[in-house]
Every structure is written in structure tokens, then in C-alpha cells.
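Remarks on the structure that follows.
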Amino acid sequence: MKNKIINCLSKFVCLVMATMIFDHSVNAQLKPISSDEYVSELDKKVSAWLDEFIVPGAALALIDNGKIILQKGYGYADIKNKVTVNGKTGFNIGSISKTVAAWGVLKLVEEGKIELDSPAENYLTRWHLPESEYDVNKVTVRRLLSHTAGLSLHGYPGWSPSDTLPTIEQSLSGKNNGPGDVRMIMEPGTKWKYSGGGYTILQLIIEEVTGQKFADYMQAEILNPLGMTNSSYTIDDKILSASSLEHNGYGEVIPFELFTAEAAAGLHTTIEDFVLFAMASLNVPNGLVADQSILEQSTIKLMTSPAPAANGRYGLGYGIDSIQNSQAVLVGHGGANTGWHAYLRVNQQTGDGFAMITNGGSGHNVYRQAYCDWVNWKLGVSLGNRCIKTITPLLINAIRREGIDAAIARYKKMKETKSEDYFFSEGALNNFGYELLRSNKVKEAIEIFKLNVEEYPESGNVYDSLGEAYMVDGNNELAIKNYEKSISLDPENTNGVEMLKKLKNQ
């Protein structure tokens, strides 16, 4: 089944997706060193990680005891023209857009224009949730913010610059490039289930309540007052002129993506601006933010505290990460869109923070290494298996040097001899296969999907993906065979059912 990199928290959540695969090289506890010494060491590591994971560029900021100790760009925004990343280079930050959008909602709550526990329907006239077996009045603003409203639609793929973007209402009704409409699929208030669609409802609520475009409201009421004047939910000429290019897992330039679902996925920012938001999220007076009165400290505390039914992992727009073997609780979010990866975590108890943005399909590997290293330095603890490297970049380099057969042989050898040092998973292979497919390397994609079938023969998803690759290659007979196998293993695979009908009717 097609696994696009979409703004979302992935199967374990984008907010924690960011911490699933880290590096053993940072597992050993570091000796106590000063911030200057640490920044000097980290500088060298970041450049090495960019090379290792085939990511052209990144920008990183660190906060230590309420002060910014690092704010720097690494690598390239545009390799061909030798444009390096600097403090004003723009990056999309994926689902961290939700965290910033939550500030916009909570500002309206403070002003008495929205009530957290009122039904979302009270504020909607332009679109309404479809009828279902569940009570629509239980879909409250608080539950939308905390992903406990029982809604569908995990995340969004983007649109290309040549596409005509749908309206918010059209997107909510299913015209959104793939993921379907937003509807109630479980009892609201009973379970945490990530829904980017819920944040598109919040985007619409902001427009309904204020009478303004979402992006205009956010610029005037949140971004500009925070000093984030080079950030925007509107991708205009100013934003594009300062933006990095975006790249796939091969480090190749890919088309720029646009989003109707701005609140869920559309914020573009720079590291200079991003660190200002990190400082504001610390919820302590610091003197660096242009306007400290945007939200009350009590409101930020509410946003960064566990919400009901969120299993302690999520507040109102913020993910909550309790670090094992320590007393630390870090709050923030992760973000991923095709070609972009970003990560934010702050420790409100100590005034420390980590913010990183990257411009490559494997950028999550870079910030995971950096974050794991930083946690080790700040807290003196290892994140253990959360620090294991992904195997995918090794496969990419092996394909480049020796071809697909050698790459697969390398994978099998590494799994046999280095299983504790690298992260091997069905999802990683599946995503890599789609990277190849998107790069028109169809034959190589087929071989990777075949490897995934060999490794995970009881998964319906791997056969679905192989079926799609065969379909792209024009081999309908094998496409049908694999889709049929996928459906036999996973009868609820609606994508496979639809593709099978399409193939058999040709």
C-alpha cells in the first residue's frame, strides 16, 4: 500500500516517529563537557550525518538554560548552485505546523471567542462532519487539539505547484490527494488517534470565528508577535525566494509541495524563527521573544500537559516525551513531509531546547542522531534502541556503487551480522521502495518490494506495494497476483480491492 511521506506522526506518531530510530554511536554516556565544547563536537557530527544519510542540508538550534547556544545552518539549500543553508533559509516543518496552529486556537480561547469544551459544530457553517453512529457534539475543540475526537485522516500528501489547490471544505470532504474525507470513526473522547484532518477542522474554525484567512490570522496574531517574520503559512514569492529546495532520499531535488491543510502541514520557517517558537514554548521569561503576552503562561502549561484520553503522550498541540531513566519530560512535536523533516523538543523544567530542520527525504535520520546525542549530553542517559540507525542509506549507496543485487546481498549480510546496530523493518523497506518508485527506478523498486515480501510474508501491505510496482511496470498479471494475495491476508485492504477491480476491467 502506498506509503507516502506525509505530514503526520507515523505509526508510532510523528511526534515520537522522530525518536524511533537513532544511533548506537551516541548510546554511551558522554563525559560532562561545557556547552562550548559540546557545540564544537556536535558541529562535526552533524556534517558527517548529512553525508551518511544523503541529506543536502539542515539547520540546528540549541537552547541551554534559557539561552541560545547554537543557531547554525549546515550543508546546502541548493547543491547545484552552491547555496548554503543559513539562519534565514526556509524549510517546511510538517506537523509542527499543528503546534503553532494550536497557539492560534488557544489565543481565541483566551479571548472568549472559542470554548475548549464546546462542540466544533458550534463554530462551523461552511462544512459539517458527516452523519455517523457517533454523537457529533462530542467532537469538541479540546479533543480536536489533542487528537482524541475519534476522527479519520492521519495525514496529508502535498500538492505540486502546478495543481489547483482545493478549498478547505473540499479537502475535508475528500479532495485532498489521497487520504479521503474527515469523518467520525470511533467514540470521541475515548482514545488517542492522530488526525491531521482534525487540525483542518480547527483551521476552518479559526476562519469562521475571525472572518479572516487562516494564514493571515496566524501571521498577524501569532507569528509576527513572536518575531517569526520570515515564517508563513502562505507560500508566496518572499517565502519561495528564501526557501531551500526539497530532496528525496537520494538527495535529488523534487517538486515543491503546497498544502490546503495549512494548519496540519503548511508552515514554512527558518531556524532563526523556529528557535523563537522553541523559546516561547519553554514558558519562561527570556527576553528574546518579541511579545511575551501572546498566551498566558497558564495556557502554555495547559497545552503542554497531558490531555484526557491521550495516554499521557499528548497535550493541546504538543507531544509529551518522558525520558526513560530520568525525571525529564520534554514537550514538542515532530514533522515530516516529502523532502522535509523537522523536530522540536524543550525541557520546561531546565530551560533547555532542541530544534532542527532538514531538507532531505532521510532528514529524520539526521535529527534523530542529533537529538539522541543532545539528550545524552543534557541528561546523561541513553535512548537505547531509539538510537539505532536505519539501514536505508546503506542500501542507497550500495545500489549506486554496485547495483540492486549487491545492495540486497548487503542488506541480508548486515541483518545477519549487524542486527543490533541497524534498524530493519517492513516499513523502512516499504518507504525505500516507494522512494525508488517516485524516482522512476521501477526495476529496483520491484526488487526491494520482493525483498520485503520475502522478509514479511504474512503482511498484506508488502504484497499490495509489490502489486503497485508491477502495475507501474506494466506487468498486470503479476500485479493482479500480488493484489489478490494482499487482500487474502488483509480483507480490509480497500486500496487493493479498488486496484484489483481496475486491473481486471482493463
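Observations, loosely collected:
- Out-of-range pairs (alpha-carbon distance over 29 Å; input 415/441; 175/443; 80/443; 193/502): 175/443; 193/502
- Residue exposure sequence - 399, 271, 480 - by fewest surrounding Cβ within 10 Å: 480, 399, 271
- By average C-beta atoms within 10 angstrom, highest first, the peptides 417-427, 490-500: 490-500, 417-427
- With Cα atoms as the point set, the radius of gyration and Dmax of the chain evaluate to 22.2, 67 Å.
- Over segment 391-504, the pair-distance histogram of Cα-Cα distances with 5 Å bins from zero comes to 2, 13, 23, 23, 19, 10, 8, 3, 0 percent, rounded to whole numbers.
- Helices of the chain meeting both criteria, an alpha-carbon length of 30 angstrom or more along the long axis and an average Kyte-Doolittle score not below -0.5, with helices taken as full DSSP H segments, do not occur.
- Distant-in-sequence amide H partners of residue 348 (H built 1.01 Å from N, under 5 Å): 331
- Reachable aspartates and glutamates from residue 389, criterion Cα separation under 16 angstrom, eight or more residues apart if same chain: 23, 51, 52, 373, 416, 420, 421, 426
- Under-5 Å amide H pairs with residue 70, H placed in peptide plane, nonlocal only: 62
- Inter-site label distance for residue 424 and residue 162 at 7 Å from Cα along Cβ, in nm: 4.1
- ³J(HN,Hα), Karplus 6.51/-1.76/1.60, whole Hz, each residue of segment 308-322, x for Gly, Pro: x, 6, 9, 6, x, 9, 8, x, 10, x, 10, x, 10, 10, 7
- Taking the convex hull of the alpha carbon positions in segment 256-414 and averaging its projected area over all directions gives 12.5 nm².
- One decimal place: the segment residue 173-residue 417 gains 82.9 nm when fully extended, by the rule 0.36 nm per residue minus the C-alpha distance.
- Contact order relative to length of the chain, as percent, for alpha carbon pairs under 8 angstrom and 6 or more apart: 22
- For segment 97-221, a Kirkwood hydrodynamic radius built from all Cα pairs, placed in the Stokes-Einstein relation at 37 °C and 0.692 mPa s, yields a translational diffusion coefficient of 224 µm²/s.
- Residues in segment 355-361 carry Karplus couplings, in order, of 9, 9, 10, 9, 10, x, x Hz; the curve used is 6.51 cos²θ - 1.76 cosθ + 1.60 with θ = phi - 60°, and Gly or Pro positions show x.
- As a length-normalised measure over Cα pairs under 8 Å and 6 or more apart, the relative contact order of segment 391-504 settles at 17 percent.
Taken together, the values in this text are just the output of simple stated rules run on the coordinates, not laboratory data. Please read all numbers here as calculations on a predicted model, not as lab measurements. Here Cβ is always computed from backbone atoms with ideal geometry, including for glycine, and neighbour counts include all displayed protein chains.
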